[in-house]
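The values are calculated or read from the model by the stated rules, or taken from the named source; none is laboratory data. Note that the structure is a prediction, hence the values are computed from the model and not measured. Counting neighbours? That spans all protein chains shown, and the Cβs are built from the backbone with ideal geometry, glycine included. Areas reflect the complete protein model, heavy atoms only, side chains present, ligands, DNA and RNA absent. Shrake-Rupley method; radii C 1.70, N 1.55, O 1.52, S 1.80 Å.
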Amino acid sequence: MFWWILKPKSHCLLYRSQIFENEESSTPEVFGDTDENGEFSLKVSPGTYFFKAFFLGYSDFTVSDVEVSGSVDLGTLEMKS
């Protein structure tokens, strides 16, 4: 699984945190931080998840009903300061 994380306003949020939570149990499955390029790659078991990204000074970014059955790419995600 690979998701590309950029923004806000054309710059990367380095070392921003993200988490996948199991939708049925609301338990965290996988947690990680972006690298120096604002990118991250996480291995998640097939299922349905909430995806949350958070960084100090920015509003949390949440996506529900993320279906994982193979590789998923959400493209560029924008977080509001």
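In region 43-81, the residue that is surrounded by the fewest Cβ atoms within 10 Å (Cβ to Cβ) out of those that are acidic (Asp, Glu) and closer than 17 Å to GLY32 by Cβ is ASP73. When region 41-52 is filtered for residues that are part of a strand (DSSP E or B) and in contact with an Asp or Glu (Cβ under 7 Å, 6 or more places away or on another chain), the ones remaining, listed by number, are THR48, TYR49, PHE50, LYS52.
Just give me the residues in region 53-69 being at positive phi and either in contact with a helix residue (DSSP H, G or I) (Cβ under 8 Å, 6 or more places away or on another chain) or not in a strand (DSSP E or B) (or both), in sequence order. Give the derivation first.
Restricting attention to region 53-69, the residues satisfying the condition of being at positive phi are 57, 65.
Once the filter is applied, which keeps residues that are at positive phi and either in contact with a helix residue (DSSP H, G or I) (Cβ under 8 Å, 6 or more places away or on another chain) or not in a strand (DSSP E or B) (or both), region 53-69 yields only GLY57.
Results for (1) in contact (Cβ under 8 Å) with a residue 60 or more places away in the chain; (2) hydroxyl-bearing (Ser, Thr, Tyr), shown as yes or no for each residue.
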| site | (1), (2) |
| --- | --- |
| THR34 | no, yes |
| SER41 | no, yes |
| PHE50 | no, no |
| PHE55 | no, no |
| TYR58 | no, yes |
| PHE61 | no, no |
| SER64 | no, yes |
| SER69 | no, yes |
| VAL72 | yes, no |
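Condition test on GLU36, is it part of a loop (DSSP other than H, G, I, E, B) and over 12 Å from the mean Cα position of the chain (by Cα)? In short, yes.
Filter region 21-36 down to the residues that are of a type in the set (S, T, N, Q) and in contact with a Phe, Trp or Tyr (Cβ under 9 Å, 6 or more places away or on another chain), then identify the one that is most open to solvent (accessible area, probe 1.4 Å). Explain how you work it out, then say what you get.
Applying the first criterion (of a type in the set (S, T, N, Q)) to region 21-36 yields 22, 25-27, 34.
Then keep just the ones that are in contact with a Phe, Trp or Tyr (Cβ under 9 Å, 6 or more places away or on another chain); that gives 22, 26, 34.
Details: ASN22: 38, SER26: 69, THR34: 4 Å².
Once the filter is applied, the top-ranked residue is SER26.
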